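Asks: Just passing along the structure, written as structure tokens.
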Amino acid sequence: MEILRKIYFFFIDTMQTILLAASIFLVIYIFLFRPFQVSGESMFPTYKNKEYILTNLIALRFEEPKKGDVIVFKAPTDSEKDFIKRVIGVPGDKVIVKGGNVYLNDKFLDESKYLKATVKTYGGSFLKEGEIVMVPEGQYFVLGDNRPYSSDSREWGFVPEKSIIGESLFIYWPINESGFVKNPYK
């Protein structure tokens, strides 16, 4: 009888531990951090296909995304998918793409910290070459780092603040690529 009692208490202790661990995981996953897998080449070479990034869900609840932040958001073309892009323009900014370069508020945007000098940015169906757009309140203008192969704000317009899931925080897989995601403008 004593052995059954020990088995019973061992089972109860194990279940409590599993439930506690699952509860902690759920709180972290729902409110704090969420994994995201890079799918495609739109952010290459900064982020590579199949890399895993930890996304900070709580940071953007206390402050707005800033120029240079890498954010994860619901894809404007398919809300079942998530996209990862770099914030270029915040509310009130004026964006123009001209001669293969991006201009922000009438000034050349120096992107040399994360793009090679040979990378050119051209207009799309939303933001045409030489056309100026003003980023409205509650919206963001985003671009992929691999400009020729990125579906971004040049094609489908602004990202609404309500579509933003979080800010990229840490690359954790593959291990040899791991490290914190840095904003080149901070």
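Asks: Spin-label point model (7 Å from Cα, Cβ direction): what's the Ile18 to Tyr149 distance in nm?
Replies: Distance between label points: 4.3 nm.
Asks: Over segment 70-186, what percent of the accessible surface lies on carbon and sulfur atoms, probe 1.4 Å?
Replies: 55 percent
Asks: Take the alpha-carbon centre of segment 117-171, take the same for segment 88-112, and report the distance between them in whole Å.
Replies: Using only Cα atoms to place each centre, the spacing works out to 11 Å.
Asks: With a 1.4 Å probe and every protein chain left in place, work out the accessible area per residue of the chain in Å², rounded to a whole number.
Replies: 60 Å²
Asks: So what is the calculated 222 nm ellipticity per residue for the chain, using -39500 (n - 2.57) for each DSSP H run with n of 4 or more, over all residues, to the nearest 500 deg cm²/dmol?
Replies: -5500 deg cm²/dmol
Asks: Obtain the nm distance between the two label points defined at Asn105 and Tyr8 by a simple spin-label model: each point lies 7 Å from its Cα along the Cα-to-C-beta direction.
Replies: Calculated label separation equals 7.0 nm.
Asks: A follow-up question, please. What is the chain's relative contact order, in percent, from Cα pairs under 8 angstrom and six or more apart in sequence?
Replies: 24 percent
Asks: Can you list the lysines whose alpha carbon is less than 22 Å from that of Lys113, not counting same-chain residues fewer than 8 positions off?
Replies: Lys48, Lys66, Lys67, Lys85, Lys94, Lys98, Lys182, Lys186
Asks: A further question follows. Could you report the accessible area of Glu129 in Å², rounded to 10, computed with a 1.4 Å probe on the protein chains as they sit in the structure?
Replies: Roll a 1.4 Å probe over it and Glu129 shows about 90 Å².
Asks: If you count, for each residue, the other Cβ atoms within 10 Å and average over each peptide, how do 42-52, 150-160, 173-183 line up from highest to lowest?
Replies: 150-160, 42-52, 173-183
Asks: To the nearest 0.05, how large is the calculated FRET efficiency for Phe25 and Glu177 if R₀ is 25 Å and r is the Cβ-Cβ distance?
Replies: With R0 = 25 Å, the Cβ-Cβ based efficiency is 0.55.
Asks: Taking the Cβ-Cβ separation of Phe44 and Glu137 as r and a Förster radius of 45 Å, what is the calculated FRET efficiency to the nearest 0.05?
Replies: 0.90
Asks: Whenever you get a sec, line up Val72, Val119 from highest to lowest accessible area (probe 1.4 Å, protein heavy atoms).
Replies: Result, largest first: Val119, Val72.
The values are calculated or read from the model by the stated rules, or taken from the named source; none is laboratory data. The shown structure was predicted, so the numbers you read here are calculated from the model rather than taken from an experiment. Note that we place each Cβ from the backbone using ideal geometry, even for glycine, and neighbour counts take in every protein chain shown. Ligands, DNA and RNA are stripped out before the accessible areas are found, and what is left, the full protein with its side chains, is counted by its heavy atoms. Shrake-Rupley method; radii C 1.70, N 1.55, O 1.52, S 1.80 Å.
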